[in-house]
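Enquirer: Got a structure for you, written out below as structure tokens; questions coming shortly.
The values are calculated or read from the model by the stated rules, or taken from the named source; none is laboratory data. Please read these numbers as outputs of a predicted model, since none were measured by experiment. Glycine gets a Cβ as well: all are built from the backbone with ideal geometry, and neighbour counts include every protein chain shown.
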Amino acid sequence: MRNVRRRLGRWRFIARAFGREVPWLARMPANVAAFYVRAAWTAWRTGDTYSLAVATRPQDVSTLVGLAEGHDDVVELGTATAWTAVALALADERRRVRSYDPEIRPERERYLKLAGAARDRIELLSRRAEQVEPEPHSTWLVFIDCAHDRETTRDAYRAFEPAVRHGGAIAFHDYGHPRYPGVFDAVEELGLRGEVRGGMFVWHKPRVAAV
């Protein structure tokens, strides 16, 4: 009975933490959804309000997993406490995730430990996104979730656009968020055309026409 109450309490907490986005957990791969539940529960137990506030929401994680489906190389700009990096690595056992962030959050390791064997496929790099010179056509998906000001967002796109393979995508997190107008402003300055999906703007790199 005690275990039943504990499970019910956990799910009530998850419902409060993610609100209307709980159904999106069901749309994730089962291991990714399980990680998100464990991560949220761990954050609550340890008093980690930072991770609960900044972690990518289930709807956007579900979108990212869909964008990356079938591809084994993904880049994240802005690791924070690594929830998104772990989710993307868990979603495909072949996938490697490179995640850049000059700030190392002290909470990060407790969530990376929840990744199990997928941890070996997550590469963490302490560098500013806009200062990286990635190899051209080296990745399918870039998730921009670093500093949310216009200049950094714009420069991160310009640095990583050559790295995206034709047909791939760049997703800008917190697009249209009232606290982060710089993301919207950067997309407008760049003149990008794409689609708004949940809390993200998604730009698709055109495919090369067959000759």
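Enquirer: Filter the range 187-204 down to residues that are within 19 Å of the chain's Cα centre (by Cα) and not in a strand (DSSP E or B), then give me how many there are.
Expert: Looking only at that region, the number is 4.
Enquirer: In the range 7-14, is there at least one residue being at pLDDT below 90 and under 25 Å from TYR175 (Cα atoms)?
Expert: Let us first name the residues in the range 7-14 that are at pLDDT below 90, namely 7-14.
From what's left, under 25 Å from TYR175 (Cα atoms): 14.
Yes.
Enquirer: If we keep just the residues of the range 119-133 that are in contact with a helix residue (DSSP H, G or I) (Cβ under 6 Å, 6 or more places away or on another chain) and either modelled with pLDDT of 95 or more or within 19 Å of LEU192 (Cβ to Cβ) (or both), which is surrounded by the fewest Cβ atoms within 10 Å (Cβ to Cβ)?
Expert: Taking the range 119-133 first, the residues in contact with a helix residue (DSSP H, G or I) (Cβ under 6 Å, 6 or more places away or on another chain) are 119, 121-122, 129-130, 132.
Filter again for either modelled with pLDDT of 95 or more or within 19 Å of LEU192 (Cβ to Cβ) (or both), leaving 119, 121-122, 129-130.
On the way: ARG119: 16, ARG121: 19, ILE122: 21, ALA129: 26, GLU130: 19.
This residue is ARG119.
Enquirer: Continuing with the same structure: GLU161: under 17 Å from LYS205 (Cβ atoms) and modelled with pLDDT of 95 or more, yes or no? Even if it seems obvious, please write down each step before you answer.
Expert: Working: under 17 Å from LYS205 (Cβ atoms): yes; modelled with pLDDT of 95 or more: yes.
When the stated conditions are applied, GLU161 passes them.
Enquirer: Taking the range 162-186, which residues are part of a strand (DSSP E or B) and touching a His at 6+ places or on another chain (Cβ under 6 Å)?
Expert: Matches in the range 162-186: ARG165, ALA169.
Enquirer: Could you tell me how many of the residues in the range 177-203 are surrounded by 17 or more Cβ atoms within 10 Å (Cβ to Cβ) and not hydrophobic (A, V, I, L, M, F, W, C)?
Expert: Residues that pass the stated criteria total 5.
Enquirer: From the residues in the range 90-149 that are among the β-branched types (Val, Ile, Thr), without any contact (Cβ under 8 Å) to a residue 60 or more places away in the chain and assigned to a strand (DSSP E or B), which one is farthest from THR63 (Cα to Cα)? Give the derivation first.
Expert: Of the range 90-149, the ones among the β-branched types (Val, Ile, Thr) are 97, 104, 122, 132, 139, 142, 144.
In the following step, the residues that additionally are without any contact (Cβ under 8 Å) to a residue 60 or more places away in the chain were identified as 97, 104, 122, 132.
Filter once more, so that each one left must be assigned to a strand (DSSP E or B): 97, 122.
Numbers: VAL97: 16, ILE122: 19 Å.
Out of the qualifying residues, it is ILE122.
Enquirer: Given the criteria farther than 17 Å from GLU76 by Cα, of a type in the set (A, V, I, L, M) and in contact with a strand residue (DSSP E or B) (Cβ under 6 Å, 6 or more places away or on another chain), does LEU141 qualify?
Expert: Answer is no for this residue.
Enquirer: Follow-up. Show the residue pairs meeting these rules: Cβ distance below 7 Å; 6+ apart or different chains; first residue within the range 192-205 and over 20 Å from ALA163 (Cα atoms) and at pLDDT 95 or above; second residue assigned to a strand (DSSP E or B) and of a type in the set (Ser, Thr, Tyr).
Expert: Correct list of pairs: empty, since none qualify.
Enquirer: Among (1) within 21 Å of ALA33 (Cα to Cα); (2) buried (at least 16 other Cβ atoms within 10 Å of the Cβ); (3) small (Gly, Ala, Ser); (4) more than 12 Å from the chain's Cα centre (by Cα), there is one condition GLY116 misses while meeting the rest; what is its number?
Expert: Only one criterion is unmet by GLY116, namely (2).
Enquirer: In the range 134-151, which residues are at pLDDT 95 or above and over 27 Å from ALA33 (Cα atoms)?
Expert: ASP149, ARG150, GLU151
Enquirer: Now for a different question. Would you tally the residues in the range 44-58 being crowded, with 23+ Cβ neighbours inside 10 Å and of a type outside the set (Ser, Thr, Tyr)?
Expert: Let us first name the residues in the range 44-58 that are crowded, with 23+ Cβ neighbours inside 10 Å, namely 55-56, 58.
Retained after the next criterion (residues that are of a type outside the set (Ser, Thr, Tyr)): 55, 58.
Count: 2.
Enquirer: On to the next question. Check the range 62-77 and report whether any residue there is of a type in the set (A, V, I, L, M), in a helix (DSSP H, G or I) and modelled with pLDDT under 95.
Expert: Looking for residues that are of a type in the set (A, V, I, L, M), in a helix (DSSP H, G or I) and modelled with pLDDT under 95, one finds none in the range 62-77, hence no.
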